[in-house]
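The values are calculated or read from the model by the stated rules, or taken from the named source; none is laboratory data. Note that the structure is predicted; figures quoted are calculated from it, not measured. Here the Cβ positions follow ideal geometry from the backbone for every residue, glycine too, while neighbour counts run over all protein chains shown. In case anyone asks, the SASA skips ligands and DNA or RNA and just uses the protein heavy atoms, side chains included. Shrake-Rupley method; radii C 1.70, N 1.55, O 1.52, S 1.80 Å.
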Amino acid sequence: MANSNLPRRIIKETQRLLSEPAPGISASPSEENMRYFNVMILGPAQSPYEGGVFKLELFLPEEYPMAAPKVRFLTKIYHPNIDKLGRICLDILKDKWSPALQIRTVLLSVLPYCLLSPDYLIFSIQALLSAPNPDDPLSDNVAKHWKANEAEAVETAKEWTRLYASGA
Amino acid sequence: MARKGKEDYYSDAGGDDDYEDYYSKGEDDVCQSDTDDENSGSDDGGGGGVSDGDDQQAMETTDDIEPKDREKEYDFETEDDVRRCQDEVTAKTSELLSVPPGFAAAFLRHCRWDAERLENEWFSDERRVRGAVGLAAAGRDGDVPTALNDRPLICAICFGGYAPGEMRSAGCAHYYCHECWRGYIHAAVGDGSRCLLLRCPDPRCTAPLVRELVDEAAADEDRARYATFVVRSYVEEGTSKYVRWCPGPGCTLAVRSRPGSRLYEVPCACKHVFCFRCGEEAHRPASCDTAGAWVVKNRSDGETSEWVLTNTKHCPECRRAIEKNQGCNHMTCSAPCGHQFCWLCLGSWKEHSGGNYHCNRYAADKSEFTGEKTRREQAKASPERYLHFYERWATHGQSMTKARQDLDALEGGGLDALADTFGVPPTELEFVTEAYAQIIEARRVLRWTYAYVYYQDPERHGRLEFYVFLQAMAEGAMEQLHKCAEGEKDALKVDVGDYGAVFPAGYAAGKLAEFRERLSHLSRVTRSHFTKLVEGFESGMAEIVL
């Protein structure tokens, strides 16, 4: 079974995620596969995602931590850096990954970056939610919308948050 | 081929100005391979278009450059030659800047392996050069490529605790265990030449990973692969205008152009003849742009070429074809280029950050690399027209391949057998292999004239007539030559085999002399036609501009 010889690093990271959860984020490993995490993130305050609860999946590939964890939004979200499949356009999940980063850093930085507002620096996922960055778009249409009419795009994002992420 | 036309035609290739500068350093003295290499290069490459001395005499009338000079346009280098040259530059620089060789190599790489440029930059602003590779100012002990821990620490990658000496750093304050370093380097090396840009794993630390650390910390296999990337970098990133790897399948030779030469076509020792500028198969008289466009177009079942046109663009910095495999328009070209640009307008990504994202620039800027214009032109051109040119281009290619196989067979014993039949030493029959070499070159030139003409404006009848006339003359001569070389050779062999014994000695010799006379004559005629052809096509005629 995949869990039997889990690297010490993954065990320790998991223990710490469970014992000292970061504010607004919960991550718990699946019972069948300790490399697969169910993640929930609260939409940051003052962002179009405020009040939403977003589900994500996080998977630690065999090469982890030498390779980046794979993270994907499961909840539908209207965001220029997140595509229809929930994939996230973020450098630290791609070529800027370093083994000295952790699940916690990814969740704390990817998400906030994602969800705040444009021109926010790329730091983590909660940040991503706080700062949609249409200059680095994954979803062309959403990015264009954000560029053309930010107020309207923000409204759509709020609408989607109500429709799909209202913690049903 | 006429050297004069070549110069005029390609002198606008750009970057010739620094040619002399580059070579004035005398580096090539160190790097030149020995003469044996060179000779075998041109002899073996005879099939691929370099004619040796005797051949050259025949065309002296149209060629104002001594054949000896032509041969000096380039040298072959093996990977070991390149490595030796690189090690030497690195060692010198290391001594001059008083830094360990690994750092010297990182600095040199930053300056595209130009030692002189590095020297200037270093002594005018050392901090900037250091900053560019992420190296802080030297500490008390000078620059340290790697250090071991002197107290117990926890590895930030595997979270294990380790005793002194069980961890190392990239000379900075971040120590990781040996196992994690091995894994870190293994992952990077597996990712390609990106490993040359590797930094300390701590996301906030810029300390570069250099050779000394890799040699200490990496597994044997990764160390060897890293070393290969280092050598490749020297050719590919460094002086790429002057040195290139031969793109021939399985060939590991590098070709270095000589001072002052405006090298265009290189017949490699492996017999692959390639364009020094674009790396494509040699394509005179078509220009690199034409050849590139044509190759893309042909990568078809039609659909394929359409696919390449719609899904790939060239990196505006290094011009590699890039496929967009994700939705994001922020493109980062893969290492070593790393150029960041916008997929839509191909402008630098720097201009897109912050609030000034204006890809309405798209309309103005798209023309240069996107092939937008070509696409429209191609749509205009009828499929029949394309098919006409494609068929001829492809057929000459096949005939060229066949001639190459025949030449290989001749050189691999066929010539000896033929010599036996005639009762002469094989050296007497070299005119046959020379004819084949001529055929191969002629077929290659001819096939590219079809790509060339395809992109000409069909409305300009006068000019087109002229091309087609030259093409027809050259093609006619070459077909005669090919027929004579193939057909008459075999017929003669049978003839001499049948009657040689019946008639007194002298019959075979007489027949052979006749054949030699004919074939040499046709070779000369063909060569002269092709010289005119290439000159005609290349002289002052602008081809398509993408």
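Hey, can you tell me all the residues within region B:159-179 that are at the interface with chain A (Cβ under 9 Å from one of its Cβ atoms), among the aromatic types (Phe, Trp, Tyr) and out of contact with any Lys or Arg (no Cβ under 6 Å at 6 or more places or on another chain)?
As a first pass, look at region B:159-179 and keep what is at the interface with chain A (Cβ under 9 Å from one of its Cβ atoms): B:159-160, B:174, B:176.
Filter again for among the aromatic types (Phe, Trp, Tyr), leaving B:159, B:176.
Within region B:159-179, B:TYR176 is the sole residue that qualifies.
On the given criteria, is B:ALA132 at pLDDT below 95 and assigned to a loop (DSSP other than H, G, I, E, B)? If you could, list the steps in order and put the result at the bottom.
Numbers: at pLDDT below 95: yes; assigned to a loop (DSSP other than H, G, I, E, B): no.
So B:ALA132 fails the test.
Taken over region A:23-68, residues that are away from chain B (no Cβ under 14 Å), under 13 Å from A:ILE103 (Cβ atoms) and in a loop (DSSP other than H, G, I, E, B) amount to 2. So, in region A:63-95, of the ones that are free of Cβ contacts under 8 Å to residues at least 24 places away in the same chain and farther than 24 Å from A:TYR164 by Cβ, which residue ends up least open to solvent (accessible area, probe 1.4 Å)? Ranking the qualifying residues of region A:63-95, first place goes to A:ASP95. Of all residues in region A:9-22, those that are assigned to a helix (DSSP H, G or I) and either in contact with a Cys (Cβ under 6 Å, 6 or more places away or on another chain) or away from every other protein chain (no Cβ under 14 Å) (or both) total 3. Being of a type in the set (Ser, Thr, Tyr), over 28 Å from B:GLU280 (Cβ atoms) and within 14 Å of chain A (Cβ to nearest Cβ): is that true of B:TYR226 here? So B:TYR226 fails the test.
Regarding A:GLY86, is this residue away from chain B (no Cβ under 14 Å) and closer than 30 Å to A:THR156 by Cα? Answer is no for this residue.
Would you say B:LEU108 is open to solvent by less than 10 Å² (accessible area, probe 1.4 Å), farther than 30 Å from B:VAL273 by Cβ, modelled with pLDDT of 50 or more and of a type in the set (A, V, I, L, M)?
Answer is yes for this residue.
Consider B:VAL453 carefully, then state whether it is among the β-branched types (Val, Ile, Thr), open to solvent by less than 20 Å² (accessible area, probe 1.4 Å) and under 29 Å from the mean Cα position of the chain (by Cα). For B:VAL453, the condition - among the β-branched types (Val, Ile, Thr), open to solvent by less than 20 Å² (accessible area, probe 1.4 Å) and under 29 Å from the mean Cα position of the chain (by Cα) - is met.
Just one of (1) away from every other protein chain (no Cβ under 13 Å); (2) modelled with pLDDT of 60 or more; (3) in contact with a helix residue (DSSP H, G or I) (Cβ under 6 Å, 6 or more places away or on another chain); (4) open to solvent by 30 Å² or more (accessible area, probe 1.4 Å) fails for B:ARG375. It is (2).
So which residues in region B:411-424 are open to solvent by less than 70 Å² (accessible area, probe 1.4 Å) and either in contact (Cβ under 8 Å) with a residue 24 or more places away in the chain or within 18 Å of B:ALA509 (Cβ to Cβ) (or both)? The answer is B:LEU415, B:ALA417, B:LEU418, B:ALA419, B:THR421, B:PHE422, B:GLY423, B:VAL424.
Hey, among the residues in region B:149-158 that are open to solvent by 30 Å² or more (accessible area, probe 1.4 Å) and within 13 Å of another protein chain (Cβ to nearest Cβ), which one's nearest to A:ILE10 (Cα to Cα)? Among those that are open to solvent by 30 Å² or more (accessible area, probe 1.4 Å) and within 13 Å of another protein chain (Cβ to nearest Cβ), it is B:ALA156.
Given B:ARG182, B:ARG232, B:ARG204, B:ARG194, which one is more than 14 Å from chain A (Cβ to nearest Cβ), open to solvent by 30 Å² or more (accessible area, probe 1.4 Å) and either out of contact with any Leu (no Cβ under 8 Å at 6 or more places or on another chain) or at pLDDT below 90 (or both)? Reasoning before the result, please.
Details: B:ARG182 fails: more than 14 Å from chain A (Cβ to nearest Cβ); B:ARG204 fails: more than 14 Å from chain A (Cβ to nearest Cβ); B:ARG194 fails: more than 14 Å from chain A (Cβ to nearest Cβ).
Result: B:ARG232 is the single residue among B:ARG182, B:ARG232, B:ARG204, B:ARG194 that is more than 14 Å from chain A (Cβ to nearest Cβ), open to solvent by 30 Å² or more (accessible area, probe 1.4 Å) and either out of contact with any Leu (no Cβ under 8 Å at 6 or more places or on another chain) or at pLDDT below 90 (or both).
Yes/no per residue for (1) among the acidic types (Asp, Glu); (2) touching a helix residue (DSSP H, G or I) at 6+ places or on another chain (Cβ under 9 Å); (3) part of a loop (DSSP other than H, G, I, E, B):
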| site | (1), (2), (3) |
| --- | --- |
| B:CYS172 | no, no, yes |
| B:ARG182 | no, yes, no |
| B:ALA188 | no, yes, no |
| B:ASP202 | yes, no, yes |
